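Participant: The structure that follows is given in the form of structure tokens.
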There are 2 protein chains.
Amino acid sequence: MKNTNEVINGLIVNMFNNLLVIEKNSLAATEHKDLTMTEWHVLEQIGLTRKTMTEVANQLKITVGTLTTTINRLVKKDYVTRNQAVDDRRFVYIELTRKGQLAFKEHELFHKNMVKSVVDKLDESDNEVLINSIDKLTQFFKQQYKDQIIP
Amino acid sequence: MKNTNEVINGLIVNMFNNLLVIEKNSLAATEHKDLTMTEWHVLEQIGLTRKTMTEVANQLKITVGTLTTTINRLVKKDYVTRNQAVDDRRFVYIELTRKGQLAFKEHELFHKNMVKSVVDKLDESDNEVLINSIDKLTQFFKQQYKDQIIP
DNA sequence: AATAATGCTTTGATACTCAAAGTATTATTT
DNA sequence: AAATAATACTTTGAGTATCAAAGCATTATT
């Protein structure tokens, strides 16, 4: 089955090379043209409930210091609010503004369309295989680098 | 099938957030610790035959100018050679040195292991579904942004 | 011979990233 | 209660990554 492996590997590499560019162009066609891809992904991780800096940084696998600078910009652009927690003032809560929520929903739509384009063309048992396969990939990662993965 | 879509989307996003970090750590464990991820991916695209600057830049979806600076560094680190084409001196051929080829094979190994971990656990018809699914994703990209995709 | 087109490099600017040092706050130890 | 440690975040310094636009050779077209 050497050939199968190579085909799958080629497709995965190709997919990864393309996805970011595609996503970027797709999102640039929305009203929120002032967002970089990093900023889009930060908005995606914050989601519709407030989060702490560390939570979001862990999910994105970046340092909190890096996130700080991105949040600075997102606050300036009015996509995010930043508030110190009242119960423990070491924590900072970041939360989407209304504008941020609108952007979030556009990003969500891109992903939904992407997945829909795949799933619609497969029958139910095929979907199970797909889920299973992606899950196997994730497990491959976890197995080799347990301590670095946030589940 | 709303739920299926959400599961698949979640897995994909998670996979993308993880992959680069995982790959980075895996490759940092090799002898070639002086390579950045961008540099690894350039080596991957050059492969075992010589390529022109434009070829590689197109595959990676970066500008030729960006590639120039990366190649500068890879030449300095002795992973790549750069030679003007004799038949048409506008072209520049880039090619892996022996050291570059060794690195290339290590990168290849990472990908092979990754795919193997998935494929080994699926039977033959499942593999077809997986290929089919990834292919659908690629088609989704192509369909919406035809002019930007290099096939 | 002049002009256009092509392939690459350079330049200037911004974004992204990390590690390490610094600040403020809370928890633990003595 | 005071000193120390731990935690959450920000700032700083430095290198990498990226692009658009301008520039340089070389080749193709007019």
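The values are calculated or read from the model by the stated rules, or taken from the named source; none is laboratory data. Every value quoted in this text rests on a predicted model; they were computed, and no experiment measured them. Cβ atoms come from the backbone with ideal geometry, glycine included; neighbour counts cover every protein chain shown. SASA here: full protein model, heavy atoms, side chains in, ligands and nucleic acids out. Shrake-Rupley method; radii C 1.70, N 1.55, O 1.52, S 1.80 Å.
Participant: Which residues, counting only those in the stretch A:16-33, are within 15 Å of DNA strand D (Cβ to nearest atom) and of a type in the set (D, E, K, R)? I'd like the intermediate steps shown before the answer.
Facilitator: Here is the first cut: in the stretch A:16-33, the ones within 15 Å of DNA strand D (Cβ to nearest atom) are A:16-25, A:27-29, A:33.
Of everything in the stretch A:16-33, those that are within 15 Å of DNA strand D (Cβ to nearest atom) and of a type in the set (D, E, K, R) turn out to be A:Glu23, A:Lys24, A:Lys33.
Participant: Being more than 10 Å from DNA strand D (Cβ to nearest atom) and either more than 20 Å from B:Phe16 (Cα to Cα) or away from chain B (no Cβ under 14 Å) (or both) is the filter here; which residues of the stretch A:84-104 pass it? Spell out how you get there, then give the answer.
Facilitator: Initial filter on the stretch A:84-104 (more than 10 Å from DNA strand D (Cβ to nearest atom)): A:86-87, A:95-104.
Matches in the stretch A:84-104: A:Val86, A:Asp87, A:Glu95, A:Leu96, A:Thr97, A:Arg98, A:Lys99, A:Gly100, A:Gln101, A:Leu102, A:Ala103.
Participant: I'd like the full set of residues that are within 13 Å of B:Lys99 (Cα to Cα) and in a helix (DSSP H, G or I), limited to the stretch B:25-42.
Facilitator: In the first step, residues of the stretch B:25-42 are kept if they are within 13 Å of B:Lys99 (Cα to Cα); the result is B:30-35, B:40.
Across the stretch B:25-42, the qualifying residue is only B:Trp40.
Participant: Kindly establish whether B:Val119 is modelled with pLDDT of 75 or more and touching an Asp or Glu at 6+ places or on another chain (Cβ under 7 Å).
Facilitator: Numbers: modelled with pLDDT of 75 or more: yes; touching an Asp or Glu at 6+ places or on another chain (Cβ under 7 Å): no.
In short, no.
Participant: If I filter the stretch A:65-72 for residues that are part of a loop (DSSP other than H, G, I, E, B), within 14 Å of chain B (Cβ to nearest Cβ) and without any contact (Cβ under 8 Å) to a residue 24 or more places away in the chain, do I get at least one hit?
Facilitator: Let us first name the residues in the stretch A:65-72 that are part of a loop (DSSP other than H, G, I, E, B), namely none.
No: the stretch A:65-72 contains no residue that is part of a loop (DSSP other than H, G, I, E, B), within 14 Å of chain B (Cβ to nearest Cβ) and without any contact (Cβ under 8 Å) to a residue 24 or more places away in the chain.
Participant: Would a scan of the stretch B:122-135 turn up a residue that is outside any helix (DSSP H, G or I) and over 30 Å from A:Ile131 (Cβ atoms)? Working first, answer last.
Facilitator: Within the stretch B:122-135, the first condition is being outside any helix (DSSP H, G or I), and the residues that meet it are B:122-123.
Remaining after also requiring over 30 Å from A:Ile131 (Cβ atoms): none.
There is no residue in the stretch B:122-135 that is outside any helix (DSSP H, G or I) and over 30 Å from A:Ile131 (Cβ atoms).
Participant: Given the criterion of a type outside the set (Val, Ile, Thr) and farther than 23 Å from A:Met114 by Cα, identify the matching residue among B:Leu27, B:Leu19, B:Leu60, B:Leu11.
Facilitator: Going through B:Leu27, B:Leu19, B:Leu60, B:Leu11 in turn, the sole match is B:Leu27.
Participant: Residue by residue through the stretch B:43-64, note down the ones that are away from DNA strand C (no atom under 11 Å from the Cβ), over 21 Å from B:Val86 (Cβ atoms) and in a helix (DSSP H, G or I).
Facilitator: Selection gives B:Leu43, B:Glu44, B:Gln45, B:Gln59, B:Leu60.
Participant: Does any residue of the stretch B:80-93 turn out to be modelled with pLDDT of 95 or more, touching a Leu at 6+ places or on another chain (Cβ under 7 Å) and within 15 Å of DNA strand C (Cβ to nearest atom)?
Facilitator: Looking for residues that are modelled with pLDDT of 95 or more, touching a Leu at 6+ places or on another chain (Cβ under 7 Å) and within 15 Å of DNA strand C (Cβ to nearest atom), one finds at least one in the stretch B:80-93, hence yes.
Participant: Now for a separate question. Look at the stretch A:90-127 and say how many of its residues are out of contact with any strand residue (DSSP E or B) (no Cβ under 7 Å at 6 or more places or on another chain) and hydrophobic (A, V, I, L, M, F, W, C). Give the steps one after another, and end with the answer.
Facilitator: Quick first cut of the stretch A:90-127, residues out of contact with any strand residue (DSSP E or B) (no Cβ under 7 Å at 6 or more places or on another chain) only: A:90, A:98-99, A:101-103, A:105-127.
If we keep only those that are hydrophobic (A, V, I, L, M, F, W, C) too, we end up with A:102-103, A:109-110, A:114-115, A:118-119, A:122.
Count: 9.
Participant: Among the residues in the stretch A:107-120, are any over 20 Å from B:Asn14 (Cβ atoms) and away from chain B (no Cβ under 13 Å)? Before the answer, list the steps.
Facilitator: Filtering the stretch A:107-120 for residues over 20 Å from B:Asn14 (Cβ atoms) gives A:120.
Cutting the leftovers down to away from chain B (no Cβ under 13 Å) gives us none.
No, the conditions are met nowhere in the stretch A:107-120.
Participant: Taking the stretch B:34-45 as the search range and keeping residues that are surrounded by 16 or more Cβ atoms within 10 Å (Cβ to Cβ) and more than 14 Å from every other protein chain (Cβ to nearest Cβ), which one is nearest to DNA strand D (Cβ to nearest atom)?
Facilitator: Checked the stretch B:34-45; the qualifying residue nearest to DNA strand D (Cβ to nearest atom) is B:Glu39.
Participant: Considering the stretch A:6-22 alone, what residues qualify as being more than 21 Å from A:Met37 (Cα to Cα) and either facing chain B (nearest Cβ under 7 Å) or open to solvent by less than 30 Å² (accessible area, probe 1.4 Å) (or both)?
Facilitator: The initial filter retains those residues of the stretch A:6-22 that are more than 21 Å from A:Met37 (Cα to Cα), namely A:6-11.
Of everything in the stretch A:6-22, those that are more than 21 Å from A:Met37 (Cα to Cα) and either facing chain B (nearest Cβ under 7 Å) or open to solvent by less than 30 Å² (accessible area, probe 1.4 Å) (or both) turn out to be A:Val7, A:Ile8, A:Asn9, A:Leu11.
Participant: I'm trying to understand the selection: among the residues of the stretch A:93-119, which are open to solvent by 40 Å² or more (accessible area, probe 1.4 Å) and in contact with a Lys or Arg (Cβ under 9 Å, 6 or more places away or on another chain)?
Facilitator: Correct list: A:Tyr93, A:Glu95, A:Lys99.
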